[in-house]
Amino acid sequence: MRSALSPTGLALVVPCRHCAAFIGPCLDSILAQDHAHWRLLVADDASTDGTADAVRPYLDDPRIRWRSLPARAGLMGNTRDALARLDPAPAEVVAIVDGDDTLLPGALARIMREHARGYDVVWTDMEIEGRRGSTGRALLPGVPVRQQLWCLSQLRSFKGYLLRGLPPDRLCDPSGGPCRAAGDLALYFALIERAGVAKASFVPERLYRYREHAGNNCRALRAEQLDNNRHLRALPPLAMQTEFFDFTETLTDPDGSALDKLGLREFGQAVRERHPRPHSVCVRHVIPRALEDSWRAYHGLWIAEGVYLEGVPQDAAAPQSD
């Protein structure tokens with residue numbers, strides 16, 4: 001069986017501001033990738049330094065589009081607008097590559113392989129110019145996402161369905177405006193919470209080159225970045241989404257006896273064993289409306305890792321394909 005969330009494509013966002021000196025090498029590094037099936041939006045944040053002129057020769061490639069905002073929106077405002085314009089399909093992979101950085105060989109093929117394995121948020125390790133270390137790490141097991149050290153490095157990607165239903169205010173600073181700094185933390189911690197930690201994967205390979213310069217937010221907006229970091233970490237966690245799954249199974253139960261309420265954990269584990277991790281599974285438990293109350297406390301629960309039990313009234317059930 002093929003997962004309903006098997007990657008259907010790759011959409012790249014290249015946010016930039018005043019990147020005339022950097023955007024050419026950035027786009028060249030993407031064009032040099034061995035994975036060539038992608039679409040790309042260069043999302044310019046009202047640059048006035050000739051960034052548009054530097055991008056223009058690349059627009060002969062039909063995969064590449066250009067958009068410049070009329071007024072500066074900041075990192076997250078610019079990125080949010082770009083993601084809305086791309087409007088990725090649920091199983092389309094989205095990767096964000098900053099316009100002043102570059103990809104290393106094999107980067108796109110590697111993240112796409114990881115998404116094809118069933119992971120929905122993927123990040124890699126990176127090189128930092130002039131430094132030996134990196135921030136790239138796996139998440140600590142058992143620790144809430146917002147209590148983790150920042151470890152998502154710079155080449156980060158996710159499946160499009162995770163943007164659907166994402167509360168816009170989760171990407172905002174304490175004033176209610178889109179984060180100008182710490183926007184990556186705002187976006188990716190929220191996406192991991194919605195996907196579930198089991199659907200997040202770190203690739204321990206250095207596949208991205210990060211460029212340090214005076215315009216980096218960690219330098220130009222350091223105090224604001226730290227304030228936003230504290231604000232975002234104090235927000236309550238988002239619940240895991242329950243709309244999109246790799247696989248769906250339907251169990252029709254005309255008298256409410258096909259499932260044993262005391263045996264739901266064992267049932268969920270049996271479902272789990274039919275599908276490889278980290279794929280998610282929704283079990284649609286179809287029952288008569290007269291039995292809804294007796295099952296209300298059990299429907300809408302995760303009954304095994306990545307296995308969700310959904311209650312469906314019999315007269316509302318529509319055929320589902322695995």
Next on the checklist: For segment 33-48, which positions are out of contact with any strand residue (DSSP E or B) (no Cβ under 8 Å at 6 or more places or on another chain), open to solvent by 50 Å² or more (accessible area, probe 1.4 Å) and not acidic (D, E)?
Outcome noted: T48
Item to check | Sole residue being at pLDDT 95 or above, farther than 23 Å from W295 by Cβ and open to solvent by 20 Å² or more (accessible area, probe 1.4 Å), chosen from A239, A234, A270 | outcome: A234
Item to check | Every residue from segment 85-128 that is under 11 Å from the mean Cα position of the chain (by Cα) and hydroxyl-bearing (S, T, Y) | outcome: Y119
Item to check | Count of segment 75-128 residues which are not in a helix (DSSP H, G or I) and not hydroxyl-bearing (S, T, Y) | outcome: 29
Checklist entry - Only one of these conditions is not met by C172: (1) under 30 Å from A71 (Cα atoms); (2) open to solvent by 20 Å² or more (accessible area, probe 1.4 Å). Which number is it? => result (2)
Next on the checklist: Can you tell me which condition V286 does not meet? The list is (1) more than 29 Å from V143 (Cβ to Cβ); (2) in a loop (DSSP other than H, G, I, E, B); (3) modelled with pLDDT of 95 or more; (4) among the hydrophobic types (A, V, I, L, M, F, W, C), and all the others hold.
Outcome noted: (2)
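Return yes or no: is A82 under 22 Å from D173 (Cβ atoms), open to solvent by less than 10 Å² (accessible area, probe 1.4 Å), small (G, A, S) and under 19 Å from the mean Cα position of the chain (by Cα)?
Details: under 22 Å from D173 (Cβ atoms): yes; open to solvent by less than 10 Å² (accessible area, probe 1.4 Å): yes; small (G, A, S): yes; under 19 Å from the mean Cα position of the chain (by Cα): yes.
The answer is yes for A82.
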Next on the checklist: Condition first: in contact (Cβ under 8 Å) with a residue 24 or more places away in the chain and either over 30 Å from L301 (Cα atoms) or within 21 Å of the chain's Cα centre (by Cα) (or both). Can you find one or more residues in segment 249-266 that meet it?
Outcome noted: no
Item to check | segment 273-291: number of residues that are open to solvent by 50 Å² or more (accessible area, probe 1.4 Å), more than 19 Å from A200 (Cα to Cα) and among the basic types (K, R) | outcome: 2
Next on the checklist: Which condition from (1) open to solvent by 80 Å² or more (accessible area, probe 1.4 Å); (2) over 27 Å from P90 (Cβ atoms); (3) assigned to a loop (DSSP other than H, G, I, E, B); (4) not small (G, A, S) is the one that L259 breaks?
Outcome noted: (1)
Next on the checklist: Give me the residue from segment 49-74 that is in a helix (DSSP H, G or I) and open to solvent by less than 70 Å² (accessible area, probe 1.4 Å) and, out of that set, farthest from D28 (Cα to Cα).
Outcome noted: G74
Checklist entry - Under 6 Å by Cβ, and 6 or more places apart or on different chains, what pairs join a residue from segment 143-172 that is in contact (Cβ under 8 Å) with a residue 24 or more places away in the chain with one that is acidic (D, E) and outside any loop (DSSP other than H, G, I, E, B)? => result V145/E193; S153/D125; G160/E92
Checklist outcome for this item: For segment 142-188, the count of residues that are under 13 Å from L238 (Cα atoms), more than 13 Å from the chain's Cα centre (by Cα) and assigned to a loop (DSSP other than H, G, I, E, B) equals 2
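The values are calculated or read from the model by the stated rules, or taken from the named source; none is laboratory data. None of these values were measured; they are calculated from a predicted model. When we count neighbours, we look across all protein chains shown, and the Cβ atoms used for this are built from the backbone with ideal geometry, even at glycine. Note: areas computed on protein heavy atoms with side chains; ligands, DNA, RNA excluded. Shrake-Rupley method; radii C 1.70, N 1.55, O 1.52, S 1.80 Å.
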